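Visitor: Encoded as C-alpha cells, here's the structure I'll be asking about.
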C-alpha cells in the first residue's frame, strides 16, 4: 500500500460521511489518453429495445472516443449522464463528462389552427425544418474548435440529415442540474432538439452510423464549468425557496381550516365543480394537469385517481389518461392551494371566515399583503394608461403636486488643506507630515508634476477627472525632465496604448510570448492592429520570441514564481532550452526574448510595461542600477497587492503523498488540518451561504496552529525539484569527426534533445500547484482563505508592486477615482501622499438615466431576463444609433448582432466611446464579493463580516462600485463636447444620487425599463401591456371585445385576462366603462346618435359634473355612483351620454374609474395630466 493510500485510509476512519466519500472516490477526471467515463446500454440494438431493459441496464465505463464509436456502431444506446449502475432517471444522474446535441432538421406538422397533426397511429407527423446540415456543421467555427465527435443516426438520409454532436467537457461535473446548465450554455451556440437538455436523455446508436468528424483533443471552454455550477447553485437555492414558500402557505392553510372547522374534502369537491373538465379542443390541458398534480400532492396517487376520474374522466385515445399521467409525475411543488386558486377564477369562494387572528403592530394582514402583490404586479399600470390615452392628454386638468426641490449642488470650494497651484508654492515633503492636495489649471498640469518631484514627493496621486488629459500629458514626459535614467509607464494595456504620445514616445518593453493575435477591428492611435494573447486553438499572427512561453505561464499558474528564478539566468526552463545561447545575443522565430528585453532597457529611456513583467531593479551593461521614475495608469485597478493560489483535490493528494514519503514525522502535526482540507476539497462539508466558505468559517473548522511547527522544513520538503527541466538527454557527436560532419547525426542529436525537452515539459505541466507553504503561513495568520465548489483559495500579500513603487525615485499614480487612503492600503505604506487634481469640469450637457426594474443584472442571467435585456439594448440602439454598450465581459464577447464591451476591461482607460452620443451600462459593476473580502482581509488584517452592512469592508466595496460607474461615465468625454447633449444609461437597480456630488451640473433621471421598452418589463408588466394593446386593437377595428379575443391577440390564456383585469375592478366593469370613455374621447362627435332623453341629459350635464365636484371629498361614494350608472344603463345609452359630456368631464370620469385601484398604483398618473394646459372647456 502506497503512503498516499495509507494517508487516505487514516482520513476515512475519521470521516463522518463515508457514503459521500466513497461516491467521490470514483469521481472521474480527464484521464491520460483522453479517456472519459460514459454510460452505455447493450441490451438492445438501434431502436429495437425492451424499454424496461433500456431504463435499467446502463453501465458506467472508462474509455476513449474510439470506444464510444464502437458502442454507437454496435447500435448500443448511450446516456447523457452517468448513472452509477442505477435506474435511468434524472434523480439518479451523478454527473457527466460530455454533452450531446441532436440535430434532426425537423419539426411537428401543424394545421391551420396551429394544432399538431398526428398519423393514424396517434404519432405526431414531422416535417423538414432546416437547422444544420453535416457540411454546415463541419464548417461551423464553434464545432470545428470544440466538437469531439459527429455521428449520423439511424433515420439519417442524404436529403434529410439527422446526426448528433458530442462535446467533451474539460473536466467531470457533478449533478444533473449542473450537466443541464452546461447543456443550456451549449444550446445557445447551435440549433438543436430542445429535449437534449435532459441529463438522463437516451441517445440511440446505429449500426449504419458514419463519423464525419472525430477530434478526441477537442473540449468545451473551461470557464463553462464554473459558470454552469454557479447557475445550478442559484437554481437550487431558488427551488428550495419556492418549496419553503409552498410549505409555509400549506401550514397557514391547515391552521385556518382547523380554526374555522372547514371540511377540506367537501371544499375540494365544491371547488372541482367550478373548474371545467378536460374536453378535446378546450385548450385547458395545462390547467387540468395542475389540478391533477394538486390532488396527487394532497391525497396520494390512488385516491387522487378516483377523485379525478369523477371530476374529468380519462379520454380514450388522447393524452388525457389520468392513470398514466399520475405515474409520469416526478416532483411536487403544486399544492392543493393551486386547485383552489384555479377554482376561484371560475367563481368559487371560500366560506366566510368567523375568526381573524390578532394582528400585532408591525405585522401586516392578508389584505395588506395582497395589496403589496398588486402593487408589484401593476407597477407599470400608469405607463399602460399613458399609452392607451396618449391622444387625449391635452384635455386633462392641469394639476400636479409641487415638485420636490432638488438638493443644492455642493460647491467645489477648496478646503483648508487644498493649495491652489502657483509656480513654486508646492511645499517640500520635509515640511509636511500628512497628505495635501493641489488644485491646478489644465495648462499647469505637467509643471505641477515636475515641481512636486523636485520638492521630494515620491507618492503623487493625480485625481483629475476622466478625460482631462492625464494619459496624454504623461506621454509628453521624459526621463530627463525628472533627472532619472528611466521613466516607465506602467499600464495593463501597454501593448495597445490609448493615447498617441504614449505610443510614439514610450517604447514597449518586450514580454515573453509565442506570437500575438492581431485584431483589425480595434486600432491603436497610430493605426496599428491591437495585439492580443492567443486563445486555446488560435494561430498567432506574429512571430514569437520564446517557444517555451507555455512553460513560463504554467510556472506562474502553479505558484512556482515564489521560488524567485522565473526571469533569472538560473531559470531551469531557460537552462533546458536548446536555443538558450541564441536567445541571449539575437532574436528570431521562437527565441530572442532575453536579447530584446535587455536591448530595450539599455537603449531607451522611456518605456511602457505591465508591472508584472517589469523588473524591480534595472541595470546597465556594467551592472550599475538605473534610477527610475514610474507612471501608473489606472492605478486603482492596476496595483494588485494580493496574490492567490488555488488548490484542488489533485493538488492536495499529490502534495500530501510526497510529504508522507519525504517527511512522515511532520505529518502528525498537520493531520487534523489536512483532514479538514480533505473534507472541503471533496465537498463533504457544505457551505451555509452562496459565497461558499469565508476565512472565518474555514478557521472555525481548522484546529489551532501547531506550536513549534517548522514551516521552513515543510517548505524544503514540498518544494519541487525542477532540475529535470534542464537535465535533458543528448548525444555528444563533437568527439567524433565523422559523426560531426554527418547531417543525419546532427539531426538525430537535435531530435533527441527536442524530444527530451518535450517530455520534461509534459512532466512539468503534470506537477501540482505549489501551495502548502502559503497555506501554512496563512493558517498562522499571514493571509486568508476562501473555498467554493471544492477549490480552496489562499490569499497572501503580493510584494512585487510595492517593491516596484519603493524602488522608484518617484511614482505618479493616474486615477480619477483612486483615493489616497486606498493607495496606502494597497501598497502597505504610511508616507505622505500629494494629491493633484485639475479643476472639475461642468457636466451640464450630460444626463445620467437610471433604468430600473431589472434588479442587479449579474453576469449569470436567466433566459427570460436575458431576453428582456436584449430587447432594451435594441430599443436604446434605435434611440441612439451611436450607442456604446458595456456589459459583463462574458456576455459582451457572446453578442452577435451588436458590438459590446466589458466592465473593468473597457470601462476605464480607453477612448473608444469618445464618438458615442450615449453609453448604456448593464449590471452593477461589482467584482466577486468573496474574493474581495479575502483580499481586504489580507490588506488590513481585519476580519470581514459580509452580513454587516455598515462595516469598513462594505464602505470599501461601495467605493469600488462607485469608482467604476464614474469611470464608465467618463468614457463619454462630456467636458470635451460641451455643445453635444450626451446620455449615460445605467441599467440596474442602484442608487446613483452620489453622482450629484461627483459630477457638477449633471442631470439625474430615473425611468423604469418597461417605460423605455415594454419587452423589457417583467412578466406581469408585459401581460398587462399585451392586454391593453389587444383591447385597443379590437376597439379601433370595431371588432367584438371578448375575453377569448383578448387572449388570442395577447397570446395568453383567458384565465390570465380574467385574473389581471379583475384587479382593475372586474372584466365587465373595466371593459364597459374604459372603452366607452375612450371611444367617446376619441370620436368627438355625436351626429349619428339619437337625441338624449331627459334622464340622459341630466346625467351628462348635471349628475356627472356634480359627482366630479364631490369626488375630492368622497371618492369612494363617487365610484359607487358611477358603477351604479354603468349597471343600470345600456351601452347604447351610456355612449349617447358620454358623447354629450365635455372632454374634461370624460377625463375626470376616467380618473374616478381608476380609483377602484390602490392609490399607489394610479397616484403617479397625475403628473401626466399636467403635461399640457386644458384647451377645451
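Visitor: Could you figure out which of (1) buried (at least 18 other Cβ atoms within 10 Å of the Cβ); (2) within 25 Å of residue 494 (Cα to Cα) isn't true of residue 905?
Guide: (1)
Visitor: Here's a follow-up. Of the conditions (1) buried (at least 19 other Cβ atoms within 10 Å of the Cβ); (2) more than 26 Å from residue 975 (Cα to Cα), residue 864 clears all except one; give me its number.
Guide: (1)
Visitor: So, one more: Taking the conditions exactly as written (surrounded by fewer than 17 Cβ atoms within 10 Å (Cβ to Cβ), free of Cβ contacts under 8 Å to residues at least 24 places away in the same chain and not assigned by TED's automatic domain parsing to the domain that holds residue 489), does residue 981 satisfy them or not? Let's see the steps before the verdict.
Guide: On the way: surrounded by fewer than 17 Cβ atoms within 10 Å (Cβ to Cβ): yes; free of Cβ contacts under 8 Å to residues at least 24 places away in the same chain: no; not assigned by TED's automatic domain parsing to the domain that holds residue 489: yes.
In short, no.
Visitor: Condition first: part of a helix (DSSP H, G or I) and touching a helix residue (DSSP H, G or I) at 6+ places or on another chain (Cβ under 7 Å). Can you find one or more residues in segment 197-213 that meet it?
Guide: Taking segment 197-213 first, the residues part of a helix (DSSP H, G or I) are 197.
Remaining after also requiring touching a helix residue (DSSP H, G or I) at 6+ places or on another chain (Cβ under 7 Å): 197.
Yes, the conditions are met somewhere in segment 197-213.
Visitor: Tell me yes or no: at least one residue of segment 178-192 is touching a strand residue (DSSP E or B) at 6+ places or on another chain (Cβ under 8 Å), more than 25 Å from residue 538 (Cα to Cα) and surrounded by fewer than 22 Cβ atoms within 10 Å (Cβ to Cβ).
Guide: Step one: list which residues in segment 178-192 are touching a strand residue (DSSP E or B) at 6+ places or on another chain (Cβ under 8 Å), which gives 178-179, 182-183, 186-187, 190-192.
Checking the rest, the ones that are also more than 25 Å from residue 538 (Cα to Cα) come to 178-179, 192.
Subset that is surrounded by fewer than 22 Cβ atoms within 10 Å (Cβ to Cβ): 192.
Yes: one or more hits.
Visitor: Moving to a separate point now. Identify the residue in segment 554-595 that is modelled with pLDDT of 80 or more and out of contact with any helix residue (DSSP H, G or I) (no Cβ under 8 Å at 6 or more places or on another chain) and, among all such residues, is surrounded by the most Cβ atoms within 10 Å (Cβ to Cβ).
Guide: For segment 554-595, the residue satisfying everything is 590.
Visitor: If I ask for residues that are modelled with pLDDT of 75 or more and over 29 Å from residue 56 (Cβ atoms), which ones from segment 189-210 would you list?
Guide: 189, 190, 210
Visitor: Right, here's the next one. Which condition does residue 526 not pass, out of (1) surrounded by 18 or more Cβ atoms within 10 Å (Cβ to Cβ); (2) part of a loop (DSSP other than H, G, I, E, B); (3) modelled with pLDDT of 90 or more, if it passes all the others?
Guide: Looking at each condition in turn, residue 526 falls short on (1).
Visitor: Taking residue 878 and the conditions (1) in contact with a helix residue (DSSP H, G or I) (Cβ under 9 Å, 6 or more places away or on another chain); (2) farther than 30 Å from residue 455 by Cβ, which numbered condition does it fall short on, given that it satisfies the others?
Guide: It fails just one condition, (1).
Condition check ((1) under 17 Å from residue 198 (Cβ atoms); (2) surrounded by fewer than 17 Cβ atoms within 10 Å (Cβ to Cβ); (3) under 30 Å from the mean Cα position of the chain (by Cα)) across all residues:
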{"site": "60", "(1), (2), (3)": "no, no, no"}
{"site": "67", "(1), (2), (3)": "no, yes, no"}
{"site": "75", "(1), (2), (3)": "no, no, no"}
{"site": "91", "(1), (2), (3)": "yes, yes, yes"}
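Visitor: Here's another thing I want to ask about it. Could you list, in sequence order, all residues of segment 540-553 that are assigned to a helix (DSSP H, G or I) and surrounded by 15 or more Cβ atoms within 10 Å (Cβ to Cβ)? First the steps, then the outcome.
Guide: Within segment 540-553, the first condition is being assigned to a helix (DSSP H, G or I), and the residues that meet it are 549-553.
Residues satisfying the conditions are 549, 551, 552.
Visitor: Now for a separate question. Please verify whether segment 234-257 includes one or more residues that are modelled with pLDDT under 75, over 24 Å from residue 99 (Cα atoms) and not in a helix (DSSP H, G or I).
Guide: No, segment 234-257 has no match at all.
Visitor: If you don't mind, another one. Pull up segment 639-655, narrow it to residues that are touching a strand residue (DSSP E or B) at 6+ places or on another chain (Cβ under 6 Å) and crowded, with 21+ Cβ neighbours inside 10 Å, then point me to the one that is farthest from residue 685 (Cα to Cα).
Guide: 645
Visitor: Determine, yes or no, whether residue 362 is loosely packed, with under 11 Cβ neighbours inside 10 Å, out of contact with any strand residue (DSSP E or B) (no Cβ under 9 Å at 6 or more places or on another chain), modelled with pLDDT under 50 and at positive phi.
Guide: yes
Visitor: Here's something else I'd like to know. Among (1) surrounded by 16 or more Cβ atoms within 10 Å (Cβ to Cβ); (2) closer than 30 Å to residue 45 by Cβ; (3) at pLDDT 75 or above, which single condition is residue 225 missing?
Guide: The number of the failed condition is (2).
Visitor: Scan segment 886-902 for residues that are surrounded by fewer than 23 Cβ atoms within 10 Å (Cβ to Cβ) and in contact with a strand residue (DSSP E or B) (Cβ under 9 Å, 6 or more places away or on another chain) and jot them down.
Guide: 888, 889, 890, 891, 892, 893, 895, 898, 899, 900, 901, 902
Visitor: While we're on this one: Using the structure shown, decide if residue 338 is without any contact (Cβ under 8 Å) to a residue 60 or more places away in the chain, under 38 Å from the mean Cα position of the chain (by Cα) and in a helix (DSSP H, G or I).
Guide: For residue 338, the condition - without any contact (Cβ under 8 Å) to a residue 60 or more places away in the chain, under 38 Å from the mean Cα position of the chain (by Cα) and in a helix (DSSP H, G or I) - is met.
Visitor: Quick one: which of 776, 792, 865, 857 is within 29 Å of residue 689 (Cβ to Cβ), modelled with pLDDT of 90 or more and either in the same structural domain as residue 980 (by TED's automatic domain parsing) or assigned to a strand (DSSP E or B) (or both)?
Guide: Values: 776 fails: either in the same structural domain as residue 980 (by TED's automatic domain parsing) or assigned to a strand (DSSP E or B) (or both); 865 fails: modelled with pLDDT of 90 or more; 857 fails: modelled with pLDDT of 90 or more.
Among 776, 792, 865, 857, only 792 is within 29 Å of residue 689 (Cβ to Cβ), modelled with pLDDT of 90 or more and either in the same structural domain as residue 980 (by TED's automatic domain parsing) or assigned to a strand (DSSP E or B) (or both).
Visitor: Which fully enclosed helices (runs of 4 or more DSSP H) of segment 947-1020 have 3 or more residues being closer than 18 Å to residue 852 by Cβ?
Guide: Passing ranges, in order: 952-970, 1009-1012.
Visitor: Turning to a different aspect of this structure: If you check residue 93 against the conditions, is it touching a helix residue (DSSP H, G or I) at 6+ places or on another chain (Cβ under 8 Å) and in contact (Cβ under 8 Å) with a residue 40 or more places away in the chain?
Guide: yes
Here is a yes/no grid of residues against (1) modelled with pLDDT under 85; (2) in a helix (DSSP H, G or I):
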| site | (1), (2) |
| --- | --- |
| 265 | yes, yes |
| 280 | yes, no |
| 291 | no, yes |
| 307 | no, yes |
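The values are calculated or read from the model by the stated rules, or taken from the named source; none is laboratory data. Treat the numbers as computed from the prediction; the structure is a model and nothing was measured. Every residue, glycine among them, receives a Cβ derived from its backbone with ideal geometry; neighbour counts consider all protein chains shown.
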